[in-house]
Amino acid sequence: MAVVGRFRAFVWVAAFALGAALAPGRALAQADDVFTARGVAVDATDQTAAAARVKALADGQRRALRQVFERIVLAEDLARQPRLNDRQIEALVQALEVNKERTSSVRYLAELIVRFKPEDLRQMMQQANMRFAETVSRPIVVLPVYVTGKAPSQTAVLWEDANPWRKAWADLPQGAGLVPMIVPIGDLADAEAIDAAGALAGDPAKLGAIASRYRAVETIVTVLTANEDPRSKATLLQLALNRGRPGAAAEGGQAAAPPAPDKSIVVPASASLDERLAAIARDQARAVEDQWKRSHLMRFGEEQRLSLSLPLGSLGELVEARRRLSEVSGVRRVDVTALTRKLARLSVVYSGDPEQLQAAVLQKDMVLSSDPPDWQLKLAPADPAPARPAPAAAATGAAAGPQ
């Protein structure tokens, strides 16, 4: 009887704790809020400060909506964005935060954080046939290698000051898309983890070391080879990119082949090389973003239910698993259908297919595996704090170490 009493007490405590953590029927929140635009700077002038403020906020909300669309919608579908007037855009706004306000008699400046209504925006994009994704990737480490000269006397640099390709990548806006791309800070620890030769060779151990340092699941080695034409003084650029998951490469024990050039660009002597490199870096980053979106497109009307088991070491693990699942894009509901001290049975309602769900939960440090006829969910151990990425101002030199 004492054992039964203790088990009943455990069940009641579990039910109370879970109810406090995630009340049944509550809409599942998205922690990675892809429907929020941050840091939207506004600056408007009008006959009065009040009129300037109205104009600035309307312009800011319009640009914030564009920022959200560019983050989640496939690039080729952005042209399908409906033409909306200021009132229609304002009706889509769920919350508006105004910071750093400055005014004069005729001018208004501020910085906005604009959160849009997720369901209203989803409905609008569906009606406009705009394909979009909401899943945020785990970080990817980007290693920009700059090569000059011709074989066999080429020079390759990664962390050195004379790497304009790394600066172009470090200057890209941070946190604008679904794929966080980290350009390492280039301190002593980074240099010890990998050098230009290791990046070019695709050394699995070195790629794994730099990825682990920044809690990344993947690396991108992007190689830019630059040579000047002695006659025209134009610069011939050859571009190559190699992606890989260091863990998978390390298991095989084989280094990846050096990336082969897949694109050539001629920069006239009259053009700014730095500006052209910045544009090329933006294009490469957008291509990476678009590839991710295509793999995680939202699929409405394909709602499914998946029953799975969750091994438990403590009640806290169940609460944590439900919290992480609530942050997975496409997950509509999570219910506990059975509970013991060592195992929980969960019912998950989601949109898409099981492969998409597996990829999405992986971004939340969980592993969903199939052992027919059962599915099992496991929490991955917490990673140590990552190093800090390269600040744009310090991209061309050695930065301070992680803090």
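Among the residues making up the range 194-223, a single one is within 22 Å of SER137 (Cα to Cα) and acidic (Asp, Glu): GLU218. For GLU111, the conditions (1) closer than 24 Å to ALA279 by Cα; (2) at pLDDT 95 or above are fulfilled apart from (1). Looking across the range 295-315, not a single residue is free of Cβ contacts under 8 Å to residues at least 12 places away in the same chain and assigned to a helix (DSSP H, G or I). For ALA110, which of the numbered conditions (1) more than 18 Å from the chain's Cα centre (by Cα); (2) aliphatic (A, V, I, L, M); (3) not in a strand (DSSP E or B) fails to hold? Only one criterion in (1) more than 18 Å from the chain's Cα centre (by Cα); (2) aliphatic (A, V, I, L, M); (3) not in a strand (DSSP E or B) is unmet by ALA110, namely (3). Kindly provide the set of residues from the range 343-372 that are in a loop (DSSP other than H, G, I, E, B) and either without any contact (Cβ under 8 Å) to a residue 40 or more places away in the chain or aliphatic (A, V, I, L, M) (or both), ordered by number. Across the range 343-372, the qualifying residue is only PRO372.
In the range 316-342, the residues that are over 21 Å from LEU362 (Cβ atoms) and touching a residue at least 60 places away in the same chain (Cβ under 8 Å) form Cβ pairs under 8 Å with partners that are outside any helix (DSSP H, G or I) and among the charged types (D, E, K, R), at six or more places apart or across chains, as follows: VAL336/ARG345; LEU339/ARG345. Within the set ALA240, ALA193, ALA168, the sole residue that is buried (at least 18 other Cβ atoms within 10 Å of the Cβ), in contact (Cβ under 8 Å) with a residue 12 or more places away in the chain, touching a helix residue (DSSP H, G or I) at 6+ places or on another chain (Cβ under 7 Å) and within 20 Å of ILE265 (Cβ to Cβ) turns out to be ALA168.
Selection of the range 57-81 for residues being touching a residue at least 60 places away in the same chain (Cβ under 8 Å), part of a helix (DSSP H, G or I) and crowded, with 16+ Cβ neighbours inside 10 Å yields GLN67, PHE69, GLU70, ARG71, ILE72. For the range 316-342, the set of residues classified as in contact with a Lys or Arg (Cβ under 7 Å, 6 or more places away or on another chain) and part of a loop (DSSP other than H, G, I, E, B) consists of GLU327, VAL328, listed by residue number.
Taking the range 264-294 only, how many residues are among the polar types (S, T, N, Q) and either part of a strand (DSSP E or B) or not assigned by TED's automatic domain parsing to the domain that holds LEU172 (or both)? Of the residues in the range 264-294, 1 are among the polar types (S, T, N, Q) and either part of a strand (DSSP E or B) or not assigned by TED's automatic domain parsing to the domain that holds LEU172 (or both).
When we screen PRO230, PRO246 for residues that are crowded, with 20+ Cβ neighbours inside 10 Å and modelled with pLDDT under 90, the only hit is PRO246. The helices (runs of 4 or more DSSP H) found entirely in the range 134-242 that carry 1 or more residues being closer than 23 Å to ASP274 by Cα and not assigned by TED's automatic domain parsing to the domain that holds LEU357 are 164-170, 196-201.
Kindly indicate which of ALA256, ALA281, ALA205 is modelled with pLDDT under 90 and of a type outside the set (Asp, Glu).
On the way: ALA281 fails: modelled with pLDDT under 90; ALA205 fails: modelled with pLDDT under 90.
None of the other options fit; the residue is ALA256.
The criterion of being loosely packed, with under 14 Cβ neighbours inside 10 Å and touching a Phe, Trp or Tyr at 6+ places or on another chain (Cβ under 8 Å) does not hold for SER309.
The values are calculated or read from the model by the stated rules, or taken from the named source; none is laboratory data. Because the structure is predicted, anything quoted here is derived from the model rather than measured. Positions of Cβ are generated from backbone atoms using ideal geometry, with glycine treated the same way; all protein chains shown enter the neighbour counts.
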